Amino acid sequence: MSKNTGAEERGRAIPGNYPVLLAAVLWGTTGTAGAFAPPSATPEAIGAARVTVGGLALLAVTLWRGTLRGHRWPLLETATGCAGVAAYQVLFFSGVSRTGVAIGTIVAIGSAPIFGGITGFLVRGERLSSRWATATALAVVGCTLLIGAGGGISVDPLGIVLSLGAGASYAAYATASKGLLERIPPEVVMAVIFTGGAVLLSPVLVLSGAGWLLEGRGIGVALHLGLVATAAAYFLFGRGLRLIPVATATTLSLAEPLTAALLGVFVLGEHLTPLELLGGALLFCGLVVLSQRDTAS
């Protein structure tokens, strides 16, 4: 009886990995889409526009389906989720601007699974399995090689702190969302959290300038980032996060830089060095290890 129960638990956990992986693939299109934005669009403005369009799209879906009403929203979890979404955008782009894209991205994305494991354990009592530790180690090393092997790295202490804050903000958002998803549908949770994040980021969009949104390319980029890389991606992420621990979800999210690297090669004509190819292979192996079975539930 217990053996069957264990098999059933693994069977329930496995499908939760796939929506998170697909969400990470959609997130990986962000950099390529941003490369087509008008020159006047600052990274902070692009991030704010992304959250605003995505939040409004998710909100429109919930209003159309009539699923927004009738839910109780715990203040702490809801506020933490909204603040985490907003803080990630500001801290990530600020960290990258100070210490460079390579190190800033490595620290932010690479630290998220570590912070996710810690917050999931402390807040929710989620156990950290040896499979998660192995997969996370492979993925973080692979991510470091994939992003950092190209050179041009500069290290700024404040930039490192800001990037670490971005990773912690992502983990805080994921942990808060996990609690809300236990009693509220995924699309409703994501709609409320991202709308709240958009409200918090509205001053950034106004102060950094939104004139680029009036251009054809600007509108196209904003719609892709908002509808595909945010609304669709976080809807999938929410559905997967219901079924797997926070630590597992944040590690699977490392599929994002792998997707970005592949798009850079096949769409933007970039070239990968041998170290970057090794990093991509290690990252892929880590994701495969974690996707086979979720033993940390």
Task: Count of region 174-191 residues which are within 17 Å of the chain's Cα centre (by Cα) and within 18 Å of residue 230 (Cβ to Cβ) - done: 9
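With the structure loaded, tell me whether residue 98 is among the basic types (Lys, Arg), over 16 Å from the mean Cα position of the chain (by Cα) and modelled with pLDDT under 80 or whether it fails that test. Write out each step before concluding.
Values: among the basic types (Lys, Arg): yes; over 16 Å from the mean Cα position of the chain (by Cα): yes; modelled with pLDDT under 80: yes.
Yes, satisfied.
Residue 211 - would you say it is in contact (Cβ under 8 Å) with a residue 12 or more places away in the chain and surrounded by fewer than 24 Cβ atoms within 10 Å (Cβ to Cβ)? Show your work before the answer.
Values: in contact (Cβ under 8 Å) with a residue 12 or more places away in the chain: yes; surrounded by fewer than 24 Cβ atoms within 10 Å (Cβ to Cβ): yes.
Criteria met by residue 211.
One line per residue, one yes/no per condition, for (1) modelled with pLDDT of 90 or more; (2) in contact with a Pro (Cβ under 6 Å, 6 or more places away or on another chain); (3) assigned to a loop (DSSP other than H, G, I, E, B):
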{"position": "6", "(1), (2), (3)": "no, no, no"}
{"position": "11", "(1), (2), (3)": "no, no, no"}
{"position": "26", "(1), (2), (3)": "yes, no, no"}
{"position": "32", "(1), (2), (3)": "no, no, no"}
{"position": "39", "(1), (2), (3)": "no, no, yes"}
{"position": "45", "(1), (2), (3)": "no, no, no"}
{"position": "58", "(1), (2), (3)": "yes, no, no"}
{"position": "63", "(1), (2), (3)": "yes, no, no"}
{"position": "81", "(1), (2), (3)": "yes, no, no"}
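Quick check on region 13-24: of everything there that is of a type in the set (Gly, Ala, Ser) and modelled with pLDDT under 80, which residue is nearest to residue 236 (Cα to Cα)? Show your work before the answer.
Initial filter on region 13-24 (of a type in the set (Gly, Ala, Ser)): 13, 16, 23-24.
Right, trim to modelled with pLDDT under 80 and you get 13, 16.
Details: 13: 15, 16: 9 Å.
The selected residue is 16.
Per-residue answers, yes or no, for (1) surrounded by fewer than 24 Cβ atoms within 10 Å (Cβ to Cβ); (2) acidic (Asp, Glu); (3) more than 18 Å from residue 47 (Cα to Cα); (4) within 13 Å of the chain's Cα centre (by Cα):
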site	(1), (2), (3), (4)
223	yes, no, no, no
232	yes, no, no, yes
249	no, no, yes, yes
254	no, no, yes, yes
257	no, no, no, yes
261	yes, no, yes, no
Open item on the list: For region 157-186, give me each residue that is of a type outside the set (A, V, I, L, M), open to solvent by 10 Å² or more (accessible area, probe 1.4 Å) and in contact (Cβ under 8 Å) with a residue 24 or more places away in the chain.
Closed with: 165, 169, 170, 175, 178, 182, 183, 185
Task: Breaking point among (1) crowded, with 18+ Cβ neighbours inside 10 Å; (2) within 28 Å of residue 18 (Cα to Cα), for residue 218 - done: (2)
Task: Single residue of 114, 103, 109 found to be assigned to a helix (DSSP H, G or I) and either more than 19 Å from the chain's Cα centre (by Cα) or at pLDDT 80 or above (or both) - done: 114
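The values are calculated or read from the model by the stated rules, or taken from the named source; none is laboratory data. Note that the structure is predicted; figures quoted are calculated from it, not measured. Backbone-built Cβ (ideal geometry, glycine too); neighbour counts: all protein chains shown. For the accessible areas, the whole protein counts, side chains as well, though only heavy atoms, and no ligand, DNA or RNA atoms are used. Shrake-Rupley method; radii C 1.70, N 1.55, O 1.52, S 1.80 Å.
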